[in-house]
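Visitor: The structure's right below; bear with me while I get my questions together.
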Amino acid sequence: MGLSELRTKIDDRTARLAVVGLGYVGLAVSAVFAEAGFDVLGVELRPERVESINEGVVPLSGNEPGLADLLAEVVKAGRLHATGDYANLKDRDVVLIAVETPVDENHVPRYDALRAVLTGLGPVMKAGTLVIVESTLAPGTMDNVVRPRLEEASSGKQNQDFYLGHCPERVMPGRLLKNLRTVSRVAGGMTPETAEAMAALYRKIVQAELDTADCVTAELVKTTENAYRDVQIAFANEVALICEAVGGDVWKVRELVNKSPGRQMHMPGAGVGGHCIPKDPWLLAHGVSDKDVPLRLIPAARAVNDSMPLHMVDLLRGALREAGRELPGARIGVLGYAYLEDSDDTRNSPSEELVRILREQGAEAVIHDPWIPEYSGDLLARIRGCDALVLMVGHSAYRWIDPPSLKAASERLRVLVDGRHLFDAGEVTAATLIHRAVGG
Ligand code: SAJ
């Protein structure tokens, strides 16, 4: 089947779609294309996830507005079906791939899952299939990894026996359906005609701009937009350290800086977690790992952001000393374990690093997080006996906290370290607690 025939099937929604990888990205995009009227086959390795989806039940944790109802509706309507068997891909016109593309401890991309999908897809996909990778990729991956692997596995040639493109996802846990429907996308095709066919497909679900480009541009855009955010956050964190050293208030400085045209200083904090921002700068950097490009800013920004949990411990140690106590043997309440406010997602959480350091230093870490079952429950009861509290995540559920109630909950409590600008320093001090905060 040629691209023009595929375009017709996309336009009249008779194109049969498949999504390989039913994680938070793949599941959402499957449901939304099914809602748009397409027949969608989901391919997933984990049998329990396949079973849950075929029962119309969302197998993800966390609160995803609208997803449960949408999944139940499209599965009941017979427009979305999940399977673990790649053979079922043989009659699909378009195959989206949404599997993890992490980096290892040396910041090198791990494409094992992606390669496995291509190896399984190649032998079974039919001639003329459009294959679109939604996973975030280091620049050059489509041409140097995806294309050769799929050509080898299918014994075919790109743009002859199959078509290939990259449309990086731009979703955020907690806002999957909203982001998917309202955030613009880059449709990167190996050829302009392929990019146009991709844009026609995504236009069925995206009420926002769809920009066509080549694959390298699409790879660069996604990794750059997250490296941009990481560098911006690192800048805010470095300004916070400066403010602490000279007695400034970084939040006042940030407010006034951002009144200057063209400035948009991000928020300093206790660290940068999640499955995107800590990873994607390294994917961008990997794109030039075999070239003579001196990358200084992107790695430095990662180092600044990764150092923030340790900075929180330094603030804590100094405040404890002011209270005549030492970190070893102290009982520390850690408020928030998710990587992001009002989320239960703990991937790459700065709190994980903080707790590791506290325990390494001989302190007892008592974790509370209203979004994580094992750490939820009555905050005031949980912090009883604590010498200090460290606020790591700005959950809305913490916004009620008044310092006197914290002090009443633990007669030993002497210190409060605020990593997310949640507390008023004056109120903390008035409750006879020693206050420290990122940024003064
Ligand atoms: N953070 C700061 N200061 C800031 C912003 C964030 O310290 O000014 C911290 C957060 O506490 C968190 C981490 O950075 O630990 C990441 O926060 P995030 O708001 O960037 O949330 P993510 O990781 O879910 O980012 C995703 C990204 N989306 C994709 O990769 C598709 C990012 O590009 C989006 O900007 C973000 O969602 C969003 O706001 O939608």
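The values are calculated or read from the model by the stated rules, or taken from the named source; none is laboratory data. Only a predicted model underlies this, so the values are computations on that prediction, with no experimental measurement involved. Note: ideal-geometry Cβ built from the backbone for every residue, glycine included; neighbour counts use all protein chains shown.
Visitor: Could you list, in sequence order, the residues of the stretch 172-196 that are near the ligand (Cβ under 8 Å from one of its atoms) and buried (at least 21 other Cβ atoms within 10 Å of the Cβ)?
Guide: Selection gives Pro173 alone.
Visitor: Just checking, how many residues over the stretch 394-413 are closer than 29 Å to Val272 by Cβ and in contact with an Asp or Glu (Cβ under 6 Å, 6 or more places away or on another chain)?
Guide: Matching residues across the stretch 394-413 total 4.
Visitor: Something else: Are any residues in the stretch 403-428 in contact with a Leu (Cβ under 9 Å, 6 or more places away or on another chain) and either without any contact (Cβ under 8 Å) to a residue 24 or more places away in the chain or of a type in the set (Gly, Ala, Ser) (or both), and if so, which ones?
Guide: Passing the criteria: Ser405, Ala408, Ala409, Ser410, Gly419.
Visitor: Might you check whether a residue that is at pLDDT below 95, among the aliphatic types (A, V, I, L, M) and more than 24 Å from Met190 (Cβ to Cβ) occurs anywhere in the stretch 59-76?
Guide: yes
Visitor: Would the stretch 143-163 turn up any residue that is touching a residue at least 40 places away in the same chain (Cβ under 8 Å), among the hydrophobic types (A, V, I, L, M, F, W, C) and assigned by TED's automatic domain parsing to the domain that holds Gly128?
Guide: Within the stretch 143-163, none of the residues are touching a residue at least 40 places away in the same chain (Cβ under 8 Å), among the hydrophobic types (A, V, I, L, M, F, W, C) and assigned by TED's automatic domain parsing to the domain that holds Gly128.
Visitor: Being surrounded by fewer than 19 Cβ atoms within 10 Å (Cβ to Cβ) and not aliphatic (A, V, I, L, M) is the filter here, so list the residues in the stretch 416-434 that pass it.
Guide: Asp424, Gly426, Glu427, Thr429, Thr432
Visitor: Here is a follow-up. Out of the stretch 56-83, which residues are free of Cβ contacts under 8 Å to residues at least 40 places away in the same chain and among the basic types (Lys, Arg)?
Guide: Lys76
Visitor: Starting from residues that are among the small types (Gly, Ala, Ser) and under 19 Å from the mean Cα position of the chain (by Cα), keep the ones in the stretch 268-322 and report whichever is surrounded by the fewest Cβ atoms within 10 Å (Cβ to Cβ).
Guide: Ala303
Visitor: Another question, if that's okay. Under 8 Å between Cβ atoms, at least 6 apart or on separate chains: pull out the pairs that start in the stretch 330-342 with a residue that is in a loop (DSSP other than H, G, I, E, B) and end on any residue that is more than 15 Å from the ligand (Cβ to nearest atom) and of a type in the set (Asp, Glu).
Guide: From residues that are in a loop (DSSP other than H, G, I, E, B), the pairs are Ala330/Glu364; Ala330/Asp387.
Visitor: While we're looking at this one, here's another question. When both residues are 6+ apart or on different chains and their Cβ atoms are under 6 Å apart, which pairs have a first residue that lies in the stretch 290-307 and is at negative phi, and a second that is at pLDDT 95 or above and assigned to a loop (DSSP other than H, G, I, E, B)?
Guide: Asn305/Val272
Visitor: Of the residues Ser410, Ser396, which is polar (S, T, N, Q) and buried (at least 17 other Cβ atoms within 10 Å of the Cβ)?
Guide: Ser410
Visitor: Could you tell me which of the residues Ala319, Ala285, Ala303 is under 18 Å from Leu358 (Cα atoms) and either in contact with a helix residue (DSSP H, G or I) (Cβ under 8 Å, 6 or more places away or on another chain) or more than 11 Å from the ligand (Cβ to nearest atom) (or both)?
Guide: Result: Ala319 is the single residue among Ala319, Ala285, Ala303 that is under 18 Å from Leu358 (Cα atoms) and either in contact with a helix residue (DSSP H, G or I) (Cβ under 8 Å, 6 or more places away or on another chain) or more than 11 Å from the ligand (Cβ to nearest atom) (or both).
Visitor: So Asp249 ticks every box in (1) farther than 30 Å from Ala127 by Cβ; (2) assigned by TED's automatic domain parsing to the domain that holds Ala28; (3) more than 16 Å from the ligand (Cβ to nearest atom); (4) crowded, with 16+ Cβ neighbours inside 10 Å but one. Which box is left unticked?
Guide: (2)
Visitor: Let me confirm something: among Thr346, Thr432, which residue is within 26 Å of Glu322 (Cα to Cα) and hydroxyl-bearing (Ser, Thr, Tyr)?
Guide: Within the list Thr346, Thr432, the selection yields Thr432.
Visitor: Taking only pairs six or more apart or across chains, which ones have beta-carbon atoms under 6 Å, a first residue in the stretch 260-280 that is within 11 Å of Pro350 (Cβ to Cβ) and in the same structural domain as Glu100 (by TED's automatic domain parsing), and a second residue that is among the charged types (D, E, K, R) and more than 7 Å from the ligand (Cβ to nearest atom)?
Guide: Every condition considered, no pair remains.
Visitor: Anything in the stretch 397-410 that is over 15 Å from Ile372 (Cβ atoms) and either among the hydroxyl-bearing types (Ser, Thr, Tyr) or within 16 Å of the ligand (Cβ to nearest atom) (or both)? List them, or say none. Talk me through it step by step, then tell me what you get.
Guide: Applying the first criterion (over 15 Å from Ile372 (Cβ atoms)) to the stretch 397-410 yields 399-410.
Scanning the stretch 397-410 gives Arg399, Ser405, Ser410.
Visitor: Just to be sure before I move on: is Cys243 buried (at least 17 other Cβ atoms within 10 Å of the Cβ), of a type in the set (A, V, I, L, M, F, W, C) and within 11 Å of the ligand (Cβ to nearest atom) in the structure I sent?
Guide: no
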